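What follows is one structure encoded as structure tokens, with my remarks underneath.
The values are calculated or read from the model by the stated rules, or taken from the named source; none is laboratory data. If you're wondering where the values come from, they're calculated on a predicted model, not measured in any experiment. Cβ sites come from the backbone with ideal geometry, for glycine too, and all protein chains shown count toward neighbours. SASA here: full protein model, heavy atoms, side chains in, ligands and nucleic acids out. Shrake-Rupley method; radii C 1.70, N 1.55, O 1.52, S 1.80 Å.
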Amino acid sequence: MKRRTALQASIGVVASLALAACGGGQTSGDSDAGAGPANLTIALSSAPNSLDPAQIAVGPFLNYMDPAYATLLTRKADGTLGAGLADKWGYVGTKNTKFELHLRKGVKFADGTPITAADVVTSFKYFQKGSGPTVAYYRPLTFSTPDSSTVVISSPTPNPDMGTLFTPSYMGGAIISPAGLKNPKKLASATFGAGPYVYSPQQSVSGDHYVYVPNKNFYDKAAVHFKKITVRVMPNVNSQVQALKSGQIDLMFGTPDVAPTIAGNKSLTTVKKPTTWAGLFLLDRDGTVVKGLADERVRQALNHAIDRAAITKAVYGDFGTPVSQPAMPGYDGYSAAAEKMYPYDPAKAKKLLKAAGYGKGLTIPVNYGSFDPSTTKMVQAVQAQLAEVGVKLKLRAATNFGAWINDLLTKKYAATVLSPGTGGEPNFYAQQAGFTKTGIMNLFGVTDPDVDAAYARLAKSDAKAGGAAAKDLTDVIVRKALALPVSGADTIVLYNTKLQGVRFPEGGAQLISNTTWTTR
Amino acid sequence: MFPIILRRLALSIPLLVIVSAITFLLESFVPGDPARTVLGINATQEQYDALQAAMHLDQPVAVQYWLYLRDVLHGDLGDSLFTGESVLGLIGQRLPVTLALVIGGTVLASLVGVVLGVYSATRGRFSRKLFDIVSLLGSAVPNFWIALLLVAVFAVKFALFPATGYTPFAESPGQWAAGLVLPVVALSIGGVAFISKVTRDAMLSTLGLDHIRTLRASGIRPSSIVWKHALRACGLPVVTTIGLMMITFIPGTILIENVFTLPGLGTTVVEATNQHDLPVVQGLTITFTVMVIVVNLLVDILYSLLNPKVRTE
């Protein structure tokens, strides 16, 4: 009898394992084999800090927002602005200070209430009080509503690229419904937008996976391509690759280390684009902490002392481009002339240091976030090369974002490394943070009249002259050696070839919205 | 039995207070500013001051701890700084995953470990040597490495089990089991080696005892002597080892959950630590401590059941 029980138990165990095996290895597309993934599953390394558009970080985090929050305008693949909740838009007058948006007819929030111009303004005003990374661009703006479907946005200073603020890249254009604004606490863990999908808290587990299902009140039913969009949080990038290879996810953001591991797999492919510049922000350009940094010759010497091609190859492999400017190829601010200004020349670097009175060298305290392995490698390589010309970098690593900011605010560090960096934006926005008087990365509040003048010229330029003015601004920043850029690092996306339309727009660093992708 | 349980529970209260106080103190030394982490560099001074006050970060550490303890006594572990979710709710959501791993790993390691240990003790010298080598390898190889190997072979190469993720039991029992097979195997391999070695040694010394010799002389079947009489006599050291192993599995889930991306307490503690989400870290520390206390209590109860002397001591 006992033997039979043992046998039954053994059969039970084997049966459970078989049952488990049958249920295993299921891909996100299995439910619709052959027709591509009816469900879209994206993996990201971090959970969102919030689902509130006014608080959330940008970059890959936009994948949490795109499904549920439609923006007033969109970015088309050719880089131009496209319609969104607004179907007409443009500057009023020629000063680049007033921008008008006309709402699409019949457009509604997910809860079914119509979107009016007043709702748009209320949403903007809420966004202005937030602390998200792009909020600073909206704070100076004022709004008016000539009628119930028109919003006029006024900027106190000229802005040649105001429409960009209403695309998904900047989140302020993601309009929040009055129901959401009634209790802003709820915005952190629920969505109140007008996007093609709505967040489903019932199917989601906060911090692990976030599920979005179609919004029955979306204005364009044909634009809803998936039964379900799931964003899974997978902190380990190697686990993401395994999940991609086994068909559990459809798309992930890769790193230079893991991207080559999908080579040879015909069902997977890669798209990449240089999006952020990696290098040192020379914060102390007035010489408050390190006197030498106030001297242009010292800053130029630093730029001559590093071998960008060698560092880029060693740190980013095939997924980086050496750059000596805070702009990257493919963007309006990239200047071929600036790229030639600082060839690798340690002898010249030493000569410049000597001429500035620092022949025996100088020490620069630098803080950086060690939460990105590539950044750490890059900083250490720069440290080694600068040591060759007598410049000592005294490095301080922060293990988390808060510690990095905290160190930065002490103003004890003359330079810092922003991980993963900035860039991938129109030059008007890209250089604002680091080099203008009020930029959040200009911690010592350094003013440079030449930069101000170039920035003002760009701000007032029209679309035709904008390209030249953007390059001029880069040339000024590079000529005066206000930073120590090293590499343009690629954003790398690995995905299932069943997905179509996964691409970066011209002149932009954010993948076009996940809601626009389709399946074969 | 009941007094033992009561005494153990009473002892666990000061333990919980001490652990939570130490964690609180250590967290206060961690560099970085939680309010700044939440708000980022772009927040205004007013926003920063308001959050500091809301989080009591403008108070001395002792006051912060007292306020925290007061809330805990009212059943409130606070809210996550990042998501605003209740920490208790978060733990409730993540606990089943970790429990499934720890219990599954313990059951598997115990069953396989005991069977292997007994088998090795009753075989020849060559088998014992072989067993020693395998056992050494099992305890020396880190379980996260085994986990990666299992994923590469059974998830990616043969697509038998999912590489990552967790499906709740209520949603699909088949997928729930599928998702747990590889993590449980990875977690339990070290434990198998550990338990089998202890079982083998205990069994060898038990089989040499007088009463076993008497049983043999009485003509009782050898398998009955080993599995019924000798194994019961080996119970105490084996149960102790299983208890210890279960306690090591609790922090062990941190690595395993991260490799398999399971939404358990292990992945949560890593994320919360990186984000400087103090209420979550604190809540998880208390939870882990409670888990260890419960395991110890279970071991004590089993001890009492196996050895009546313990009850009278």
Subset of the stretch B:241-274 [within 15 Å of B:ARG200 (Cβ to Cβ) and open to solvent by 30 Å² or more (accessible area, probe 1.4 Å)] = B:ILE242
task = Go through (1) within 14 Å of chain A (Cβ to nearest Cβ); (2) at pLDDT 90 or above one by one and return the number of the condition B:MET245 breaks.
result = (1)
ask   = Looking at B:THR122, is it open to solvent by less than 20 Å² (accessible area, probe 1.4 Å) and in contact (Cβ under 8 Å) with a residue 40 or more places away in the chain?
value = no
key: Residue that is nearest to A:LYS471 (Cα to Cα) [pool: residues in the stretch A:442-457 that are among the β-branched types (Val, Ile, Thr) and crowded, with 19+ Cβ neighbours inside 10 Å]   = A:VAL451
Flag for A:LYS186 being touching a helix residue (DSSP H, G or I) at 6+ places or on another chain (Cβ under 9 Å) and basic (Lys, Arg) = yes
message = Which of the numbered conditions does B:SER223 fail, given that it passes all the others? Conditions: (1) modelled with pLDDT of 85 or more; (2) open to solvent by 40 Å² or more (accessible area, probe 1.4 Å); (3) within 14 Å of chain A (Cβ to nearest Cβ).
response = (1)
ask   = Of all residues in the stretch A:224-242, how many are closer than 15 Å to A:GLY207 by Cβ, facing chain B (nearest Cβ under 9 Å) and either open to solvent by 10 Å² or more (accessible area, probe 1.4 Å) or of a type in the set (Lys, Arg) (or both)?
value = 3
task = Could you please find all residues in the stretch A:153-178 being out of contact with any helix residue (DSSP H, G or I) (no Cβ under 9 Å at 6 or more places or on another chain) and open to solvent by 30 Å² or more (accessible area, probe 1.4 Å)?
result = A:PRO156
query = Counting only residues that are assigned to a strand (DSSP E or B) and open to solvent by less than 10 Å² (accessible area, probe 1.4 Å), which one in the stretch A:246-273 is farthest from A:LYS377 (Cα to Cα)?
reply = A:LEU251
message = Among the residues that make up the stretch A:481-504, is at least one of them out of contact with any strand residue (DSSP E or B) (no Cβ under 7 Å at 6 or more places or on another chain) and either in a loop (DSSP other than H, G, I, E, B) or touching a residue at least 24 places away in the same chain (Cβ under 8 Å) (or both)?
response = yes
ask   = Does at least one position in the stretch A:20-28 carry a residue that is surrounded by fewer than 16 Cβ atoms within 10 Å (Cβ to Cβ), at pLDDT below 75 and either more than 23 Å from A:THR150 (Cβ to Cβ) or within 12 Å of chain B (Cβ to nearest Cβ) (or both)?
value = yes
ask   = What is the residue count in the stretch A:68-87 for residues that are among the polar types (S, T, N, Q) and in contact with a strand residue (DSSP E or B) (Cβ under 9 Å, 6 or more places away or on another chain)?
value = 2
message = Here is a check on your reading of the model: is B:VAL153 open to solvent by less than 40 Å² (accessible area, probe 1.4 Å) and free of Cβ contacts under 8 Å to residues at least 40 places away in the same chain?
response = no
remark   = The residue from A:ASP452, A:ASP490, A:ASP407, A:ASP475 that alone is over 30 Å from A:GLY163 (Cα atoms) and either out of contact with any Asp or Glu (no Cβ under 7 Å at 6 or more places or on another chain) or within 14 Å of chain B (Cβ to nearest Cβ) (or both) is A:ASP407
